[in-house]
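The block underneath contains the structure these notes are about, expressed in structure tokens.
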Amino acid sequence: MHEMAVCESLLSAMEEAAKAQNFSRVTRVRLAIGRFAGIEVEALRFGFDVVTRGSLADGAELVVLEEEGTAWCFDCSDTVPLAHRLAPCPKCGGERLLPNGGTEMKIKDLEVM
Amino acid sequence: MCTVCGCSGDGATISEAHGPSHSHAHGHDHPHTHTHADGTSHSHAHGHGHDHAHGHDHDHAHHGHDPHHHDDHHHPAPDAGTLDYGAGPARAHAPGLTQARMVEIETSILAKNDDYAGRNRTRLDAAGVLALNLLSGPGAGKTTLLVETLKALSGRLPCAVIEGDQQTDNDAARIRAVGTPAVQINTGKGCHLDAHMVGHALEKLPLPPGGVLFIENVGNLVCPAAFDLGETKRVTLISVAEGEDKPLKYPDIFEGADLVLITKADLAPHVDADMATLEANIRRINPTADILTTSSRGEIGLARWIAWLEAARAVRLNDLASAREAEASALRAAAGGAR
């Protein structure tokens with residue numbers, strides 16, 4: 001359940017942005033979460049509600065944009081799209097793959113007041 | 001993240017490197033181990049309500065008056081003139097004049113952790129230390145491997161250990177018993193170590209120059225994978241008794257590993273472990289990791305792991321030396337050019 005720690009980190013990033021950019025409330029948060037970022041979106045939503053309660057983002061809408069995954073195929077020597085972690089390479093059917101895209105969790109933007 | 005400096009977080013506590021001073025009084029270890037024990041109960045008692053209610057004011061007051069806070073680099077001072085209530089097109093100060101606007105962020109949610117990890121890395125580079133982040137599920141044998149490894153390296157390489165567990169000082173005590181300095185981080189409710197906790201632990205740990213720092217993460221096959229600690233190499237352990245398909249079920253922890261250690265190999269015949277399938281599954285998730293089979297108790301032993309460790313240390317020290325030689329050359333060239 002490291003999603004809780006991720007939410008605390010998110011809250012702290014929003015608080016810093018509030019200081020730097022002069023706002024006092026966040027009404028919407030858009031995140032981009034990669035398919036291979038190791039984040040369970042439902043756990044993230046739960047954590048977000050708990051962690052932001054009473055904060056500048058209390059009641060804010062959480063929008064999660066899920067990003068597609070890609071992987072490096074050692075057999076094709078190429079980056080290929082990958083639907084899930086244990087799927088074979090869509091080009092050669094090989095299984096020697098290492099995710100190289102959709103591994104990030106990013107804050108895209110905030111709607112603030 | 002910790003109660004050492006009062007910075008916001010989940011109530012982690014960190015011991016001293018040499019453990020409690022009252023070594024005879026085992027039952028009293030916990031309250032005497034460190035001065036932050038009541039910090040833990042403080043943060044539990046108040047929880048999020050406390051953090052939120054006090055917000056930035058609390059932080060500022062703390063940093064402004066804290067006499068024992070030596071570690072400014074971990075807590076950059078807030079920008080001067082932080083809250084300019086007159087600025088911006090949509091300042092929400094006058095009721096009725098509020099309007100929403102968009103603020104682009106475009107940074108990693110874990111940017112702060114990554115920043116602390118970068119600082120740890122700089123510090124470890126400067127000290128010439130090989131830092132290994134040891135990850136596994138609970139009971140894969142991390143502490144036993146460490147104890148046996150430290151015995152084998154005793155007198156040859158300077159070592160230090162950071163132990164991560166939710167509760168108890170037990171693991172650090174096991175490490176100290178073989179004569180190696182160890183700092184225990186208790187994460188409280190936390191399911192992983194983060195770079196900020198490790199940064200504070202480094203403050204309490206005499207870093208051995210040219211030595212090896214082992215960071216034993218919280219036993220957990222999921223969460224620690226996402227948090228860079230500033231380590232040089234990641235080592236994931238899996239014992240033969242855990243089942244061959246663990247790498248497929250919990251890929252993240254294997255995916256980032258530089259080395260996967262298969263532990264408790266002496267038990268393999270007793271648990272019907274299919275070693276070939278286990279290795280194939282590790283390769284499936286991480287085609288580039290080194291894989292070594294070890295046993296802290298049986299004949300297979302730790303020789304290959306220790307050889308890997310010594311090779312990694314040699315590469316690390318050579319890399320650091322080359323980088324510094326290049327810097328020195330650049331400085332000499334600059335000095336020559338200025339004449």
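If the condition is being assigned to a loop (DSSP other than H, G, I, E, B) and either within 14 Å of chain A (Cβ to nearest Cβ) or more than 20 Å from residue B:306 (Cβ to Cβ) (or both), then region B:262-294 contributes B:271, B:272, B:273, B:274, B:286, B:287, B:288, B:289. Scanning region A:1-57 for residues that are aromatic (Phe, Trp, Tyr) and out of contact with any strand residue (DSSP E or B) (no Cβ under 6 Å at 6 or more places or on another chain) turns up just one, A:46.
Within region A:100-110, the set of residues being open to solvent by less than 50 Å² (accessible area, probe 1.4 Å) and facing chain B (nearest Cβ under 7 Å) comprises A:105, A:107, A:108, A:109, A:110. Sub-7 Å Cβ pairs linking a first residue in region A:15-35 that is within 26 Å of residue A:100 (Cβ to Cβ) and in contact (Cβ under 8 Å) with a residue 40 or more places away in the chain to a second residue that is outside any helix (DSSP H, G or I) and small (Gly, Ala, Ser), at least 6 apart or interchain, are A:34/A:69; A:34/A:102; A:35/A:69; A:35/A:102, ordered by first then second residue.
Inside region A:59-113, residues that are assigned to a loop (DSSP other than H, G, I, E, B) and among the aliphatic types (A, V, I, L, M) make up a count of 5. Within region A:4-48, the set of residues being open to solvent by less than 40 Å² (accessible area, probe 1.4 Å), assigned to a helix (DSSP H, G or I), more than 9 Å from chain B (Cβ to nearest Cβ) and over 23 Å from residue B:100 (Cα atoms) comprises A:41, A:43, A:44, A:47.
Hey, among B:137, B:179, which residue is surrounded by fewer than 20 Cβ atoms within 10 Å (Cβ to Cβ), outside any strand (DSSP E or B) and touching a strand residue (DSSP E or B) at 6+ places or on another chain (Cβ under 9 Å)?
Of B:137, B:179, the one residue that is surrounded by fewer than 20 Cβ atoms within 10 Å (Cβ to Cβ), outside any strand (DSSP E or B) and touching a strand residue (DSSP E or B) at 6+ places or on another chain (Cβ under 9 Å) is B:137.
Residue selection: residue A:51 satisfies the criterion of being of a type in the set (A, V, I, L, M), over 18 Å from residue B:103 (Cβ atoms), at the interface with another protein chain (Cβ under 8 Å from one of its Cβ atoms) and surrounded by 15 or more Cβ atoms within 10 Å (Cβ to Cβ). Checked against (1) under 16 Å from the mean Cα position of the chain (by Cα); (2) of a type outside the set (Asp, Glu); (3) surrounded by 18 or more Cβ atoms within 10 Å (Cβ to Cβ), residue A:56 meets all criteria but (1). Set side by side, the residues B:243, B:337, B:301 differ, and just one is closer than 29 Å to residue B:166 by Cβ and without any contact (Cβ under 8 Å) to a residue 12 or more places away in the chain, which is B:243. Residues that are open to solvent by 30 Å² or more (accessible area, probe 1.4 Å) and either in contact with a Cys (Cβ under 9 Å, 6 or more places away or on another chain) or more than 28 Å from residue B:128 (Cα to Cα) (or both) within region B:273-295 comprise B:274, B:275, B:276, B:277, B:279, B:280, B:283, B:284, listed in sequence order. Per the listing B:334, B:328, the residue uniquely in a helix (DSSP H, G or I), of a type outside the set (Ser, Thr, Tyr) and open to solvent by less than 50 Å² (accessible area, probe 1.4 Å) is B:328.
Restricted to region B:224-249, and to residues that are among the small types (Gly, Ala, Ser) and away from chain A (no Cβ under 14 Å), which residue is most open to solvent (accessible area, probe 1.4 Å)? Selected residue: B:241. Taken as a whole, the structure leaves residue B:206 outside the set of residues that are in a helix (DSSP H, G or I), more than 22 Å from residue B:306 (Cα to Cα), open to solvent by 40 Å² or more (accessible area, probe 1.4 Å) and not hydrophobic (A, V, I, L, M, F, W, C).
The values are calculated or read from the model by the stated rules, or taken from the named source; none is laboratory data. Predicted model, so just to flag it, every value in this text is computed and none were measured. Heads up, the Cβs are rebuilt from the backbone with ideal geometry, glycines too, and the neighbour counts pull from every protein chain shown. The area values use the complete protein model at the heavy-atom level, side chains included, leaving out ligands, DNA and RNA. Shrake-Rupley method; radii C 1.70, N 1.55, O 1.52, S 1.80 Å.
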